[in-house]
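Just below is one structure, and these are the notes that go with it.
The values are calculated or read from the model by the stated rules, or taken from the named source; none is laboratory data. Since the structure is predicted, the reported quantities are computational estimates derived from the model, not experimental observations. No Cβ is skipped: glycine too gets one built from the backbone with ideal geometry, and neighbour counts run over all protein chains shown.
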Amino acid sequence: MKKMKVTFLTFLLAIMTLSLSAQTKSNVVKTNLFSPILKTYWLSYEHLFNDNLGAQLGFFYTGVSVGSTNFKGYSFTPEARFYLSESPAPKGIYVAPGLRYSSFSLTDDIAAGKATYSTFGGALVVGAQTLLKEIITIEAYLGPAYSVGTLKVDSGTASDFDLGSFDGFGFRFGITIGVAF
């Protein structure tokens with residue numbers, strides 16, 4: 001996991017360095033303000049291809065609990081962003097279809113069970129992003145999501161684990177703050 005984090009951060013640093021030399025605001029690095037409440041570390045990188053089209057790659061690592069089930073793991077969320085406003089991106093209202101892959105180690109406090117759980121799903125969010133002082137972004141988004149998962153039980157039974165909103169229908173939502181460069 002540590003090697004993956006170092007590779008991801010090196011990739012982000014390389015893109016940021018190349019983008020700074022271009023002197024355009026075609027990149028945004030941001031974090032979700034709800035993340036600390038959910039015991040999650042969330043970071044995303046958005047790249048703009050033109051005034052109306054961008055792509056974002058999000059990554060989170062979590063140690064959240066749902067009932068007596070403890071989740072530790074990560075998730076990747078790639079999405080396309082279609083800006084609908086006349087303002088050039090990253091400002092404006094957008095629609096973003098996206099995918100999500102997650103991988104978790106699960107433990108259960110009551111039954112002392114252990115398992116691994118991976119999910120794959122998609123979402124369609126609608127959001128709005130603004131640019132303050134040409135460098136700070138603030139964004140809000142909301143939309144439906146659906147995912148399916150595979151649970152591999154190492155000890156205990158499948159019924160020992162509460163999968164919460166990680167399985168089936170749910171919502172993606174958030175408020176982010178970021179830096180455009």
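Data table
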{"read-out": "Scan of the range 89-118 for residues that are in contact with a helix residue (DSSP H, G or I) (Cβ under 6 Å, 6 or more places away or on another chain) and modelled with pLDDT of 95 or more, ordered by number", "value": "none"}
{"read-out": "Qualifying residue in the range 57-70 (condition: surrounded by fewer than 17 Cβ atoms within 10 Å (Cβ to Cβ) and farther than 30 Å from Ala158 by Cβ)", "value": "no"}
{"read-out": "Residues of the range 68-84 classified as of a type in the set (Gly, Ala, Ser) and in contact with a Phe, Trp or Tyr (Cβ under 8 Å, 6 or more places away or on another chain), total", "value": "2"}
{"read-out": "Yes/no for Thr137 being more than 30 Å from Ala115 (Cβ to Cβ), surrounded by 15 or more Cβ atoms within 10 Å (Cβ to Cβ) and over 14 Å from the mean Cα position of the chain (by Cα)", "value": "yes"}
{"read-out": "Residues located in the range 23-71, provided they are part of a loop (DSSP other than H, G, I, E, B) and free of Cβ contacts under 8 Å to residues at least 40 places away in the same chain", "value": "Gln23, Thr24, Ser26, Lys39, Phe49, Asn50, Asp51, Asn52, Gly63, Val64"}
{"read-out": "Residue match in the range 168-178 (condition: within 29 Å of Asn52 (Cα to Cα), among the aliphatic types (A, V, I, L, M), surrounded by fewer than 16 Cβ atoms within 10 Å (Cβ to Cβ) and under 19 Å from the mean Cα position of the chain (by Cα))", "value": "yes"}
{"read-out": "Elements of type strands (runs of 3 or more DSSP E) in the range 84-161, at least 3 residues being more than 22 Å from Tyr45 (Cα to Cα) and among the small types (Gly, Ala, Ser)", "value": "136-155"}
{"read-out": "Yes/no for Gly127 being free of Cβ contacts under 8 Å to residues at least 40 places away in the same chain, in contact with a Gly (Cβ under 9 Å, 6 or more places away or on another chain), surrounded by 14 or more Cβ atoms within 10 Å (Cβ to Cβ) and among the small types (Gly, Ala, Ser)", "value": "yes"}
{"read-out": "Extreme residue, farthest from Ile135 (Cα to Cα), among residues of the range 27-49 that are out of contact with any Ser or Thr (no Cβ under 9 Å at 6 or more places or on another chain) and surrounded by fewer than 14 Cβ atoms within 10 Å (Cβ to Cβ)", "value": "Ile37"}
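One line per residue, one yes/no per condition, for (1) touching a Gly at 6+ places or on another chain (Cβ under 8 Å); (2) exposed (fewer than 15 other Cβ atoms within 10 Å of the Cβ):
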residue: Gly73; (1), (2): no, no
residue: Leu84; (1), (2): yes, yes
residue: Leu106; (1), (2): yes, no
residue: Lys152; (1), (2): no, yes
residue: Ser155; (1), (2): yes, yes
residue: Ala158; (1), (2): no, yes
